[in-house]
1. Using a Cα-Cα cut-off of under 23 Å, which lysines could be cross-linked to K41, ignoring same-chain neighbours fewer than 8 residues away?
2. Once both labels are modelled 7 Å past Cα along the beta-carbon direction, what's the N132-K119 spacing in nm?
3. Report the relative contact order of the chain, percent, no decimals, based on alpha-carbon pairs under 8 angstrom and at least 6 residues apart.
4. What is the fewest-to-most order of Y24, Y110 by other Cβ atoms lying within 10 Å of their Cβ?
Amino acid sequence: MDNGIRAIVFDLDGVICHTDRYHYLAWKALADRLGIPFDEKVNQRLRGVSRRESLEIVLGERSTAYSEAEKQALAEEKNEIYKTYLAAMTPDDLSSETRATLQTLRQRGYLLAIGSSSKNTRQILERLGLGNFFDAVADGTRITRSKPDPEVFLLAASLLGVRAEEAVVVEDAASGVQAAVTGGFRVVGLCSGGNDPGADITIRRLSDLTAIFGGDAL
Ligand code: B16
Ligand code: MG
């Protein structure tokens, strides 16, 4: 990628860490209790999507059977299960590959940010030992429209003081790639999520970023 790039905005779930597995287990527990079929295929559609919108996908045609207050309670129930997994996370859950990649990119002068739909972002970063690492954190607590809307990435760019054209988004999910493209960002798709049509470049491992972002950024 060319030298006009000054910043890299990382998706969190599925890119920096593997909380996607915890989302799956928590939604599965809720769906099982409600007697609703739920599998990895449905789970793929929840990547990058807000908690409330994820619930609609999980409920499917059963959605109309629940009031708004009941849906709020169900979303909260899922989140409480999810948070029990988060509480067990430690800095060891950040892979050495991810840690080294982030450090290398920082040493090369890139501004680094998070752009996540998750309202649990701050807690996850703290658990991973990344609480003070990023130059900016845009998350689900600070936006009104989640991916595929570009709001979270535009917020990240604004917090960093860069334009969208000066930043690259690293995403694992179709909703996130779409959000980044709509926002005018260039996009690296991490294909472990299997959903990156529209990305400018696809990588298989996060450490591949060090070959893409080779030189001095500034
Ligand atoms: P929460 P990302 C997203 O994170 C997840 O991929 C998605 O599955 C989840 O529903 C969403 O965060 C909201 O998470 O319930 O913790 O607020 O991929 O944008 O980092
Ligand atoms: Mg993701």
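Rule-based calculations on the coordinates, nothing more; no lab input. Worth saying up front: this structure is predicted, and the values here are computed from it rather than measured. Don't worry about glycine lacking a Cβ; one is built from the backbone with ideal geometry, like all the others, and counts go over all protein chains shown.
1. Straight-distance partners of K41: K28, K71, K78, K83, K147.
2. 2.8 nm
3. Relative contact order for the chain comes out at 27 percent.
4. So the ranking, lowest neighbour count to highest, is Y24, Y110.
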